[in-house]
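Q: Right, I'll just put the structure down here and ask away after.
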Amino acid sequence: MRVAHFQFDLPDELIARYPLAERRASRLLVLDGPSGTIAHQQFADLLSYLRPGDLMVFNNTRVIPARLFAKKLTGGKLEVLVERVLDTDRVLAHVRASKAPKVGSTIEFENGTQATLLARHDSLFEWQFAEPVLPLLERIGHMPLPPYMERDDELDDRERYQTVYAEHAGAVAAPTAGLHFDDQMLASIGELGVETAFVTLHVGAGTFQPVRVETLEEHQMHHEWLQVSQDVVDAVAACKARGGRVVAVGTTSVRSLESAAQASGELQAFAGETDIFLYPGRPFHVVDALVTNFHLSESTLLMLVAAFAGYPEIMDAYRSAVEHNYRFFSYGDAMFITRNPQPRSPKE
């Protein structure tokens, strides 16, 4: 299956570089996977597509201000993007510099704090900081906005590039489908008789990496850490037993649930690494419906939603979104998709 099958043309003006004034003010494209029918709604209309007895699963990861600016003791400048916090004072990070630092070298950040390079693991650098990392990031770090926004982070991004239910710090990219929900929307969901549950997947910078091979089968997914608790397993089982649907909020929630069911086809409690790659032809064991944003052309996330809704259905929906001037990507509009039980792939 060729990566080029997942290409679509997007006018630059449809890339959302700033959030709307209100989280729920975005639009909602509703795609019924089995029939392929499309409806154009507002995000608040999501409530009319949910049913009592459904279970909505959210990702409660918290984005850390992971971008840091530093200099070598010899004077050269660096940009450090934390990919993962290993413990109190160690991280794995991407480094942008004119010349890569050497193991054993020391760099200094704008507040005078230093970090020493302990090792290099392929494209990632392992640093040891002179003080606890997370408090330091909160003081001097910058929110790691996606490259396609083509702007520096601003103070408002500290709040808006974060879900209202974010709890566990560790992500370097937001689970963006969740950005549309405010406290009032969450309360309204509960009043409908819809249950909620929370998984944790710390989204890595690899989510923005382009697919650099020609076929999907050649692609090697990046690793991310996730946790699906026994409480979530029990909530899913109860939902299925009462005839409800499991509605994942975001592709990260999908990847969490499907990773935890990958070994046997049955959802089990799980904590650890995942590199699951869901593309047309791969099965879904848990999720019945999905709230998601619009994804980059030729991205693994577009491949995931194509596997969920069907390839021709999702590509038609994206063409319709462009024609109707939807806002794309992290700060953009949303989709509500019901799973297609017989999804077609590009070669069918």
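Q: Within 13 Å, Cβ to Cβ, of Q162, how many net charges do the neighbouring residues add up to if Lys/Arg are +1 and Asp/Glu are -1? Kindly include the intermediate steps, with their values, before the conclusion.
A: Numbers: positive: R23, R62, R158, R160; negative: E138, D153, D156, D157, E159, E167, D182.
Result for the neighbourhood of Q162: -3.
Q: List the equivalent ellipsoid semi-axes of region 103-250 in whole Å, largest first, each obtained as the square root of 5λ for an eigenvalue λ of the Cα gyration tensor. Working shown, then result.
A: Values: eigenvalues 234, 90, 55 Å².
Ellipsoid half-lengths, sorted descending, are 34, 21, 17 Å.
Q: Could you calculate the contour length gain from R319 to Y148, that is, 0.36 nm times the residue separation minus the distance between their Cα atoms, to one decimal place in nm?
A: Values: separation 171, 0.36 × 171 = 61.56 nm, distance 1.99 nm.
Separation in residues times 0.36 nm, less the Cα-Cα distance, equals 59.6 nm.
Q: In addition: Can you compute 3J(HN,Hα) from phi for each residue in region 129-141, using the Karplus curve 6.51 cos²θ - 1.76 cosθ + 1.60 with θ = phi - 60°, rounded to whole Hz and x for Gly and Pro?
A: Using θ = phi - 60°, the values come out as 8, 7, 8, x, 6, 4, x, 5, 4, 4, 7, 10, x Hz.
Q: Scaled to the compact-protein estimate 2.2 N^0.38 Å, what is the alpha-carbon radius of gyration of region 278-317, rounded to two decimal places? Walk me through the intermediate numbers first.
A: Values: Rg = 9.5 Å, N = 40, 2.2 N^0.38 = 8.9 Å.
Rg over 2.2 N^0.38 Å, computed on Cα atoms: 1.07.
Q: For V164 and L118, calculate 0.36 nm times their separation in residues minus their Cα-Cα distance, and state this gained length in nm to one decimal. Show your work: numbers first, answer last.
A: Working: separation 46, 0.36 × 46 = 16.56 nm, distance 3.58 nm.
Additional length available on full extension: 13.0 nm.
Q: Go through region 231-239 residue by residue and turn each phi into a ³J(HN,Hα) via Karplus (6.51, -1.76, 1.60, θ = phi - 60°); whole Hz please, and just put x for glycine and proline.
A: Along region 231-239, the couplings run 4, 5, 4, 5, 5, 5, 4, 5, 4 Hz.
Q: Using only the Cα atoms of region 168-241, construct the convex hull and provide its projected area averaged over every direction, in square nanometres to one decimal. Don't skip to the answer; put the middle values down first.
A: Working: hull surface 29.4 nm².
Across all orientations, region 168-241 yields a mean hull projection of 7.3 nm².
Q: Which percent of Cα pairs goes in each bin when the distances of region 1-91 are cut into 10 angstrom slices starting at zero?
A: Spelled out bin by bin, region 1-91 gives 10, 20, 28, 25, 12, 4, 0 percent.
Q: Heavy-atom accessible area of T74 with all protein chains present, probe 1.4 Å, nearest 10 Å²?
A: 130 Å²
Q: Please report the net charge: other residues with Cβ closer than 11 Å to the Cβ of F43, K and R +1, D and E -1.
A: Details: positive: R23, R24, R27; negative: E22, D45, D182, D333.
The answer is -1.
Q: Solvent-accessible area per residue for region 40-152 at a 1.4 Å probe radius, Å²?
A: On the way: 5450 Å² over 113 residues.
On a per-residue basis, region 40-152 sits at 48 Å².
Q: Right, next: Pairs of lysines 8 or more apart, or on different chains, with alpha carbons under 16 Å: count those in the chain, would you? Don't skip to the answer; put the middle values down first.
A: On the way: K71/K99; K71/K102; K72/K99; K72/K102; K77/K99; K77/K102.
For the chain, the number of qualifying lysine pairs is 6.
Q: How large is ³J(HN,Hα) for each residue in region 96-113, as worked out from phi by the Karplus curve 6.51 cos²θ - 1.76 cosθ + 1.60 (θ = phi - 60°), to whole Hz, x for Gly and Pro?
A: Rounded to whole hertz, the list is 10, 7, 5, 9, 4, x, 9, 4, x, 7, 10, 10, 10, 8, 5, 9, x, 5.
Q: Considering only DSSP states other than H, G, I, E and B, which GluC sites (Glu not before Pro) in region 66-121 qualify as loop sites with at most 16 other Cβ atoms within 10 Å?
A: Values: sites: E79, E83, E108, E110; in loops: E110.
Passing sites in region 66-121 are E110.
Q: So if we plug the beta-carbon distance of Q184 and R2 into 1/(1 + (r/R0)^6) with R0 = 45 Å, what FRET efficiency do we get, rounded to 0.05? Intermediate values should be presented prior to the final figure.
A: On the way: r = 44 Å, r/R0 = 0.98.
Efficiency computed from Cβ-Cβ geometry: 0.55.
Q: For the residue pair A39 and L155, what label-to-label distance in nm results when each label sits 7 Å from Cα along the Cα-to-beta-carbon direction?
A: 4.2 nm
Q: Give me the dipole magnitude in Debye, nearest 20, for region 241-319 about the Cα centre, with unit charges on the beta carbon: positive for Lys and Arg, negative for Asp and Glu.
A: Details: 5 positive and 8 negative charges, 43 e Å.
Rounded to the nearest 20 debye, it is 200 debye.
Q: So what's region 229-348 giving for Rg/Rh, alpha carbon basis, Kirkwood Rh from the mean inverse pair distance?
A: Details: Rg = 14.7 Å, Rh = 15.0 Å.
My calculation of the ratio gives 0.98.
Q: As a test of the formula, what do you get for the chain when each DSSP H run with n ≥ 4 contributes -39,500 (n - 2.57) and the sum is divided by the residue count, at 222 nm and rounded to the nearest 500 deg cm²/dmol? Working shown, then result.
A: On the way: 7 runs with 66 residues, N = 348.
Taken over the chain, the calculation gives -5500 deg cm²/dmol.
Q: Whenever you get a sec, compute what percent of the accessible area on the chain sits on carbon and sulfur atoms (1.4 Å probe).
A: Details: 7250 of 15130 Å².
Answer for the chain: carbon and sulfur cover 48 percent of the accessible area.
Q: Give the Rg (one decimal place) followed by the Dmax (whole number) of region 191-231, computed from C-alpha coordinates and expressed in Å.
A: Here Rg and the maximum Cα pair distance are 16.0, 47 Å.
Q: Let me ask you something else. Hey, any idea what Rg/Rh is for region 189-291, computing Rh the Kirkwood way over Cα pairs?
A: Working: Rg = 14.5 Å, Rh = 14.7 Å.
On the Cα set of region 189-291, Rg over Rh gives 0.99.
Q: Solvent-accessible area of H219, probe 1.4 Å, all protein chains present, reported in Å² to the nearest ten, please.
A: Answer for H219: close to 40 Å² accessible.
Q: At 1.4 Å probe size, with every protein chain present, just tell me what the per residue accessible area of region 263-348 comes to in Å². Write down the numbers at each step before the final one.
A: Working: 3190 Å² over 86 residues.
Result: 37 Å² per residue.
Q: Follow-up. What translational diffusion coefficient, in µm²/s and rounded to a whole number, does the Stokes-Einstein relation yield for region 67-149 at 20 °C and a viscosity of 1.002 mPa s, taking the hydrodynamic radius as the Kirkwood radius over Cα pairs?
A: Reported coefficient: 168 µm²/s.
Q: When the solvent-accessible surface of protein heavy atoms is calculated with a 1.4 angstrom probe, in what order do W225, W127 fall, highest first? It would help to have the intermediate numbers written out before the result.
A: Working: W225 80, W127 0 Å².
Order by accessible area, largest first: W225, W127.
Q: Please give the length that would be gained between S105 and E79 if that part of the chain were fully extended, namely 0.36 nm times their separation in residues minus their C-alpha to C-alpha distance (nm, one decimal). Mind dumping the intermediate values first?
A: Details: separation 26, 0.36 × 26 = 9.36 nm, distance 1.51 nm.
Taking 0.36 nm per residue and subtracting the Cα distance, the gain is 7.9 nm.
The values are calculated or read from the model by the stated rules, or taken from the named source; none is laboratory data. Just so we're clear, the structure is a prediction, and the values are computed from it rather than from any experiment. Because the Cβ atoms are built from the backbone with ideal geometry, glycine has one as well, and the counts that use them run over all protein chains shown. Just the protein is used for accessible areas: all its heavy atoms, side chains included, with ligands, DNA and RNA removed. Shrake-Rupley method; radii C 1.70, N 1.55, O 1.52, S 1.80 Å.
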